[in-house]
RNA sequence: GCAGAGGUAGCGAAGCGGUCAAACGCGUAAGGCUUAGGACCUUAUGGCUUAGGCCUUCGAGGGUUCGAAUCCCUCCCUCUGCACCA
């Protein structure tokens, strides 16, 4: 048994590839080009095999296209923009043990960690260096000469500035307010990764309805303003302090102390703040601005003064908490407390409020669930009833919009923001919503841009096809995107240097930058300006000081662009991919728009998505160490489309085992000869069939199907060939050589090694993809081998059934006449399954005809050949005798049980 | 709710109008190989069956067809996304 040692062999080939600079792609107008990219990497940790999945999918395509003769450019770069690197630096500096321990655990030295404290860039450069090593070790055929770091390259910053200036020229930049979650202590935006808890929470818009009480406003915050018709009372809390605040316009609001502190973040300016005894309100009454009703003000424990205003309107029939509250107070004060009424009807539901409370229970978490369920139900299928004066018969969705107008008209409406759940900063402070003023947006909502984008997506090639509908939906719904922020790393907005362009917005067009990076970054930075980029990317007349270089870059861009394939995981479909497409459309002419997308799912480990936060990662480094690059790359064949795939080391073992089978065959070369048999045709035919199928699948990035054919099927077929007595070395050699080529994109090293062991001197890169005219495909022999396999299994069945071990197996093959009847029936049945019709096509009635036409729906669709069937069985006698340890005779049967494709079997 | 995907043997997963009782893999069982175990190889794995047969299956129910896991209708269920977070 020849054991394969990935480590040595892989590094041997890697060195050779590097020496020969096989992955460096230069402009070559004599060759067709293929340009593909994967997203830039955020270098704040090691990559895991979840990432490897995406990269390998791209690399396979790169290698495939290279074998097809294309000049393939596959570059890779880094993304430093935003908060994570800065955040990590701060955490290390502050001695965050978890972060430090993680770094130590992944083998990073104290000296390096110390280095990280000094600058976030040190972290980035450390990881870029190491990640580059890991990706190369995993066999990525990347041209590293064109690499850059977004937010760590002044040249790239010039490029982004140019991009934003041009977006602004096109009227696609606008300014507006924008809510973000904010740490009031550190006075910075509070991104997910900076949170001790509350990951995924986002700002939520609340309506404030102004209830009036003695010249003061009780601002009740709600997500469901349409239920105001059913308000029975106002709740406040006894737990927190309240304030009376005076707004700029003179309105006096009673709000919780906590809210009074947050109002400045919501751009509500306060003239005066004074303590207020909320107890003095209890039992008093407030006026509902919509209905004019006077309702009591009561205290209730479930009101949390730290959320929104600390003032809540009670709508018992539409809010489980309120319902429970009402049940408590209704006895006490019957006369001041009117009976609650329903204002929303849900078709087919009766007392829905009681129902949800019954189902979910009366404890706090139950009521929370009940609230969610009720909101969902009423929002989606609720209709306002006659208690909602003016909105009667309107769906809740409509009513929600309408009530806002009504409230505005009565000057009883305001908007505030609150976090959708509790967010705690790592510094310990509770996050608030900050309504940022003058935030810069990219206007992705622009109608013309959207229309173009939709057309572009419709015309793009997308693998898998399912992703298209989703993507169209996202493009259709995309809104303006806040494009700049304060803090972190990034390129300043060219016209407003206080703002830094945020990570999703500075990485929409960088694929174009790859085409020129290696030239641009050699120039004198002070000479790199907007005109230069206009001339390179937009084809403006070249009259730059650096005209020679500009011309060079223009040529590069013209040669390499458009981007032929973008490969990403599915989570980027909703944001990055949309922005990427729209920026291309906004800035570049149509012939430079992206052509193809490849979307994939995630990698799971025991069915849980692999991610750093879940702690179930296997780094690329470790995977390659343990399983070899080829073995690790097997992950790419996990799925055809966007399905998630599970990391399985069992499959990797199976891969190497099968590869070793090929090695064994190669080593046994001396045992084979030139003897030519019928089964050779089978191997030759299957070789071409496999080429055809594999090519069709790999072309569409259906790697699961592709590998199934090119490797697992192929090795099975070779096994069958040998079993059935195939001995022709040149057939075997030709077959294995094709198998190696077809699998080279997946497993570059081991295929390269085996190719060498076959005595081939040329590298597979130069060998080319094994195209086939398909003329060698002989479907008859493929069918007949199947007949042989079926017959073997039938014999086994019979032996079991009869409980005998035969001394002799006699196999009867139908005569030639029967085969021509059979084929005539097959042909005829392609047009009709009407037995009478089929009979018409046959020369004469016979036993064979009768048997074959017994059940017309069972007539196979494949033709058979007498000569093949007879010869195949005859030539396989040795194999059959070995298998059954019995004498085997094969004879032609003129009258008997035998049917074409179903030889008769007699055991004795 | 909207949008997308999907429900197939113990499990994972193909098949998407006709050799389908359903590829392939895992699991399980038997045999071989081994001192033994593992690995590996072979075979079996819906039910019944002493000559290759029959019966019931592809979420449920209807329909179209000579023929349906595959097409159409209705229903039930599951998963993913609905953003400004990288």
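Residue A:57 fulfils the conditions (1) surrounded by fewer than 24 Cβ atoms within 10 Å (Cβ to Cβ); (2) touching a helix residue (DSSP H, G or I) at 6+ places or on another chain (Cβ under 7 Å) except for a single criterion, (1).
When segment A:377-416 is limited to residues that are surrounded by fewer than 21 Cβ atoms within 10 Å (Cβ to Cβ) and in contact with a helix residue (DSSP H, G or I) (Cβ under 6 Å, 6 or more places away or on another chain), the one that is farthest from residue A:178 (Cα to Cα) turns out to be A:387.
Within segment A:788-804, the residues that satisfy the criterion of being within 46 Å of the chain's Cα centre (by Cα) and more than 7 Å from RNA strand B (Cβ to nearest atom) are A:788, A:789, A:790, A:792.
For a quick check of your reading: which strands (runs of 3 or more DSSP E) sit entirely within segment A:382-481 and have at least 1 residues that are within 16 Å of RNA strand B (Cβ to nearest atom) and more than 30 Å from residue A:286 (Cα to Cα)?
Values: elements: A:382-384, A:413-419, A:432-442, A:461-463.
Qualifying strands (runs of 3 or more DSSP E): A:432-442, A:461-463.
In segment A:626-642, the condition of being within 14 Å of RNA strand B (Cβ to nearest atom), surrounded by fewer than 17 Cβ atoms within 10 Å (Cβ to Cβ) and outside any helix (DSSP H, G or I) is met by no residue. Taking the condition near RNA strand B (Cβ under 8 Å from one of its atoms) and crowded, with 18+ Cβ neighbours inside 10 Å, does residue A:898 pass? For residue A:898, the condition - near RNA strand B (Cβ under 8 Å from one of its atoms) and crowded, with 18+ Cβ neighbours inside 10 Å - is met.
Every condition in (1) over 27 Å from residue A:434 (Cα atoms); (2) touching a helix residue (DSSP H, G or I) at 6+ places or on another chain (Cβ under 7 Å) is met by residue A:172 except one, and the failing one is (1). A search for C-beta distances below 8 Å between a residue of segment A:826-842 that is within 19 Å of residue A:901 (Cα to Cα) and any residue that is more than 10 Å from RNA strand B (Cβ to nearest atom) and in a loop (DSSP other than H, G, I, E, B), counting only pairs 6+ apart in sequence or on different chains, returns A:827/A:841; A:828/A:841; A:828/A:842.
One line per residue, one yes/no per condition, for (1) within 15 Å of RNA strand B (Cβ to nearest atom); (2) assigned to a helix (DSSP H, G or I); (3) under 17 Å from residue A:266 (Cβ atoms):
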residue	(1), (2), (3)
A:159	no, yes, no
A:164	no, yes, no
A:171	no, no, no
A:177	yes, no, yes
A:180	yes, no, yes
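Residues are listed down the side, and each one gets a yes or a no for (1) under 11 Å from residue A:156 (Cα atoms); (2) within 16 Å of RNA strand B (Cβ to nearest atom); (3) in contact (Cβ under 8 Å) with a residue 12 or more places away in the chain:
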{"residue": "A:483", "(1), (2), (3)": "no, yes, yes"}
{"residue": "A:488", "(1), (2), (3)": "no, yes, yes"}
{"residue": "A:491", "(1), (2), (3)": "yes, yes, yes"}
{"residue": "A:499", "(1), (2), (3)": "no, yes, yes"}
{"residue": "A:506", "(1), (2), (3)": "yes, yes, yes"}
{"residue": "A:519", "(1), (2), (3)": "no, no, yes"}
{"residue": "A:523", "(1), (2), (3)": "no, no, yes"}
{"residue": "A:531", "(1), (2), (3)": "no, no, yes"}
{"residue": "A:535", "(1), (2), (3)": "no, no, yes"}
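A residue that is under 18 Å from residue A:229 (Cβ atoms), in contact (Cβ under 8 Å) with a residue 12 or more places away in the chain and out of contact with any helix residue (DSSP H, G or I) (no Cβ under 8 Å at 6 or more places or on another chain) can be found somewhere in segment A:269-286. Given the condition in contact with a helix residue (DSSP H, G or I) (Cβ under 8 Å, 6 or more places away or on another chain), within 27 Å of residue A:479 (Cβ to Cβ) and within 16 Å of RNA strand B (Cβ to nearest atom), answer yes or no: does some residue in segment A:206-213 qualify? Within segment A:206-213, not a single residue is in contact with a helix residue (DSSP H, G or I) (Cβ under 8 Å, 6 or more places away or on another chain), within 27 Å of residue A:479 (Cβ to Cβ) and within 16 Å of RNA strand B (Cβ to nearest atom). Go through the residues of segment A:584-601 one by one and say whether even a single one is in a helix (DSSP H, G or I), within 16 Å of RNA strand B (Cβ to nearest atom) and more than 30 Å from residue A:170 (Cα to Cα). Checking segment A:584-601: not a single residue is in a helix (DSSP H, G or I), within 16 Å of RNA strand B (Cβ to nearest atom) and more than 30 Å from residue A:170 (Cα to Cα). Within segment A:658-680, being farther than 19 Å from residue A:756 by Cα and either within 16 Å of RNA strand B (Cβ to nearest atom) or free of Cβ contacts under 8 Å to residues at least 60 places away in the same chain (or both) holds for A:671, A:673, A:674, A:675, A:676, A:680. Exactly one residue out of A:759, A:734, A:774 is more than 16 Å from RNA strand B (Cβ to nearest atom), over 37 Å from the mean Cα position of the chain (by Cα) and modelled with pLDDT under 90: that is A:759.
Can we say residue A:550 is closer than 30 Å to residue A:454 by Cβ and in contact with a helix residue (DSSP H, G or I) (Cβ under 6 Å, 6 or more places away or on another chain)?
On the way: closer than 30 Å to residue A:454 by Cβ: no; in contact with a helix residue (DSSP H, G or I) (Cβ under 6 Å, 6 or more places away or on another chain): yes.
No; evaluated as a whole, the condition is false for this residue.
Which count do you get for residues in segment A:868-891 that are surrounded by 13 or more Cβ atoms within 10 Å (Cβ to Cβ), away from RNA strand B (no atom under 14 Å from the Cβ) and in a helix (DSSP H, G or I)? Final tally of qualifying residues: 6.
Conditions tested, residue by residue: (1) within 28 Å of the chain's Cα centre (by Cα); (2) within 16 Å of RNA strand B (Cβ to nearest atom); (3) at pLDDT 85 or above; (4) on the phi > 0 side of the Ramachandran plot.
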position: A:117; (1), (2), (3), (4): no, no, yes, no
position: A:127; (1), (2), (3), (4): yes, yes, yes, no
position: A:132; (1), (2), (3), (4): yes, no, yes, no
position: A:143; (1), (2), (3), (4): yes, no, yes, no
position: A:150; (1), (2), (3), (4): yes, yes, yes, no
position: A:216; (1), (2), (3), (4): no, no, yes, no
position: A:219; (1), (2), (3), (4): no, no, yes, no
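Remark: residue A:523 falls outside the filter, which requires a residue to be in a helix (DSSP H, G or I) and either more than 18 Å from residue A:583 (Cα to Cα) or touching a helix residue (DSSP H, G or I) at 6+ places or on another chain (Cβ under 6 Å) (or both).
Among the residues examined, residue A:99 qualifies as assigned to a helix (DSSP H, G or I) and at pLDDT below 90. When residue A:75 is tested against the conditions (1) modelled with pLDDT under 95; (2) buried (at least 19 other Cβ atoms within 10 Å of the Cβ); (3) assigned to a loop (DSSP other than H, G, I, E, B), the lone failure is (1).
So, in segment A:806-862, exactly how many residues are surrounded by fewer than 17 Cβ atoms within 10 Å (Cβ to Cβ), near RNA strand B (Cβ under 9 Å from one of its atoms) and closer than 26 Å to residue A:891 by Cβ? The qualifying residues number 3.
The values are calculated or read from the model by the stated rules, or taken from the named source; none is laboratory data. These figures come from a predicted structure and were not determined experimentally. No Cβ is skipped: glycine too gets one built from the backbone with ideal geometry, and neighbour counts run over all protein chains shown.
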